[in-house]
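The values are calculated or read from the model by the stated rules, or taken from the named source; none is laboratory data. The structure presented is a predicted model; accordingly, all values stated were derived computationally and were not measured. No Cβ is skipped: glycine too gets one built from the backbone with ideal geometry, and neighbour counts run over all protein chains shown. Each accessible area value is taken on the protein alone, full model and side chains, heavy atoms only, with ligands, DNA and RNA left out. Shrake-Rupley method; radii C 1.70, N 1.55, O 1.52, S 1.80 Å.
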Amino acid sequence: MSSFTLSPFQPATPSEASAELAIRVTDLFHKLQGALPLEAVLRRDEPLARRTTLRVGGPADIFSEPDSEHALITLLELASQLSVPVFVLGRGSNLLIRDGGIRGVVLSLAHTAFSAIEFNGALMQCGAGVRLKAIATEARRAGLTGLEFLEGIPGSLGGALRMNAGAMNAWTFDVVERLRYVTRAGEVQDVPAAEVGAVYRSCPVLRDSIAVGALLRGTPADADGIRERMETYSRKRWDSQPNQPSAGCTFKNPTPTLPAGRLIDELGLKGTRVGDAMVSDVHANFFVNLGHATARDVLGLIEQVRSRAREERGIELETEVEIVGEDLP
Ligand code: EPU
């Protein structure tokens with residue numbers, strides 16, 4: 001989440017700061033009502049739990065789905081003028097939103113304007129809102145290999161670019177030729193992937209900018225082979241990962257040879273519960289929501305597991321799940 005700049009006069013207390021932000025948020029909402037086209041989604045106090053795969057967390061002050069790059073830039077410029085923070089929500093598959101929700105604007109690129117896939121030979125121009133599963137399926141239909149691993153990652157391209165998501169020993173940036181993004185100041189950049197410096201589970205450029213699309217490269221190949229690989233990946237996933245609500249892997253693997261799931265399993269923590277949050281008994285790096293978990297439950301479970309890893313193995317686990325928003329007062 002972007003950190004926000006304080007307005008010219010410095011509030012004396014945190015509650016004054018939040019009251020002041022609330023005024024700027026209301027002001028921004030009215031300005032956006034006038035500035036965004038009717039096709040763009042714009043709402044106040046939007047519940048977010050159902051927009052995440054873990055299904056926990058409070059509301060967004062303002063929720064918007066811009067219907068074009070132009071509308072996105074307008075939104076970013078106005079938010080920046082009023083010093084209102086902006087958070088970009090993908091498909092919510094790697095996200096833990098605290099129970100008090102997210103102050104400022106939550107924007108999503110789920111609008112059809114950001115969901116197109118266009119082919120040019122072995123190249124695919126994809127919008128940030130396209131689901132990874134759709135990219136894998138369309139590539140298979142076009143007889144292109146290399147994108148099969150995206151089949152089971154439950155997210156959008158924008159989120160996968162931001163965290164360089166991976167599965168089956170491949171990373172998103174393995175298949176990216178060019179990245180198109182908009183900076184917080186509203187400038188559009190279109191750069192070769194090699195200039196982006198993506199690493200394991202991170203793309204530094206996108207920490208503070210918003211991916212709007214990418215040019216992906218596949219390799220022409222036999223359609224049956226592509227289908228078989230996708231089926232193998234899908235089977236492996238169904239066998240090794242839980243199907244209850246979760247945010248995917250909770251922690252990054254501490255080293256390539258020590259997967260966090262194996263470590264937590266070895267610590268005997270499968271089935272550990274805080275409220276309705278539980279360490280999955282299928283894969284120990286997945287924390288599942290048994291029905292009524294709160295963010296507080298999940299955060300409590302994360303802390304328990306981290307301290308056991310620290311105390312018993314001297315390992316500092318780092319969360320892979322992005323944790324955002326505020327606690328309830
Ligand atoms: N393992 C256990 N016990 C468990 C879980 C795993 O012993 O409870 C062992 C497995 O038997 C295996 C090893 O740990 O020998 C690795 O497990 P797995 O093959 O499931 O891979 P992973 O390293 O845990 C990574 C990604 C996943 C991705 C899978 C499949 C990370 C943190 N996770 O998991 O990504 O789906 O490979 O390719 O890099 C995610 O990013 O949210 C995610 C789920």
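For region 67-84, what are the residues that are under 14 Å from Lys31 (Cβ atoms) and outside any helix (DSSP H, G or I)? Listed by number, the residues that qualify are Leu82, Ser83, Val84.
Among what's in region 37-56 and is open to solvent by 20 Å² or more (accessible area, probe 1.4 Å) and touching a residue at least 24 places away in the same chain (Cβ under 8 Å), pick the residue that is nearest to Leu328 (Cα to Cα).
The initial filter retains those residues of region 37-56 that are open to solvent by 20 Å² or more (accessible area, probe 1.4 Å), namely 37-39, 41-45, 47, 49-51, 53, 55.
Now narrow it down to the ones that are touching a residue at least 24 places away in the same chain (Cβ under 8 Å): 37, 39, 41, 49, 51, 53, 55.
Details: Pro37: 34, Glu39: 33, Val41: 27, Ala49: 14, Arg51: 19, Thr53: 21, Arg55: 16 Å.
Per the criteria, the residue is Ala49.
If only residues of region 171-195 that are among the aliphatic types (A, V, I, L, M) and within 18 Å of the chain's Cα centre (by Cα) are counted, the one that is nearest to the ligand (Cβ to nearest atom) is Val176.
For region 214-267, the tally of residues that are within 11 Å of the ligand (Cβ to nearest atom) and either at positive phi or of a type outside the set (Phe, Trp, Tyr) (or both) stands at 27.
Could you pull out the residue among Gly121, Gly129, Gly155, Gly90 that is within 16 Å of the ligand (Cβ to nearest atom), of a type in the set (Gly, Ala, Ser) and assigned by TED's automatic domain parsing to the domain that holds Leu206?
Numbers: Gly121 fails: within 16 Å of the ligand (Cβ to nearest atom); Gly129 fails: within 16 Å of the ligand (Cβ to nearest atom); Gly90 fails: assigned by TED's automatic domain parsing to the domain that holds Leu206.
One residue alone meets the criteria, Gly155.
Taking each residue of region 231-256 that is open to solvent by 90 Å² or more (accessible area, probe 1.4 Å) and looking for partners that are more than 12 Å from the ligand (Cβ to nearest atom) and assigned to a strand (DSSP E or B) with beta-carbon atoms closer than 7 Å, six or more apart or interchain, yields nothing. Taken over region 273-288, the criterion of being within 15 Å of the ligand (Cβ to nearest atom) and either outside the structural domain of Gly261 (by TED's automatic domain parsing) or not aromatic (Phe, Trp, Tyr) (or both) is satisfied by Met278, Val279, Ser280, Asp281, Val282, His283, Ala284, Asn285, Val288.
Here is a check on your reading of the model: is His70 within 22 Å of Leu42 (Cβ to Cβ), out of contact with any Leu (no Cβ under 9 Å at 6 or more places or on another chain) and surrounded by 17 or more Cβ atoms within 10 Å (Cβ to Cβ)? Give the steps one after another, and end with the answer.
Values: within 22 Å of Leu42 (Cβ to Cβ): yes; out of contact with any Leu (no Cβ under 9 Å at 6 or more places or on another chain): yes; surrounded by 17 or more Cβ atoms within 10 Å (Cβ to Cβ): no.
Spelling it out, it is not the case that His70 is within 22 Å of Leu42 (Cβ to Cβ), out of contact with any Leu (no Cβ under 9 Å at 6 or more places or on another chain) and surrounded by 17 or more Cβ atoms within 10 Å (Cβ to Cβ).
Residues in region 307-320 that are more than 15 Å from the ligand (Cβ to nearest atom) and within 26 Å of Arg237 (Cα to Cα): there are none. For the condition surrounded by 22 or more Cβ atoms within 10 Å (Cβ to Cβ), within 16 Å of the ligand (Cβ to nearest atom), in the same structural domain as Gly158 (by TED's automatic domain parsing) and in contact (Cβ under 8 Å) with a residue 24 or more places away in the chain, Leu96 does not qualify. Being out of contact with any His (no Cβ under 6 Å at 6 or more places or on another chain) and away from the ligand (no atom under 16 Å from the Cβ), is that true of even one residue in region 160-167? For region 160-167, residues out of contact with any His (no Cβ under 6 Å at 6 or more places or on another chain) and away from the ligand (no atom under 16 Å from the Cβ): absent. Looking only at residues in region 204-221 that are at pLDDT 95 or above and in a loop (DSSP other than H, G, I, E, B), the one that is farthest from Gly152 (Cα to Cα) is Ala221.
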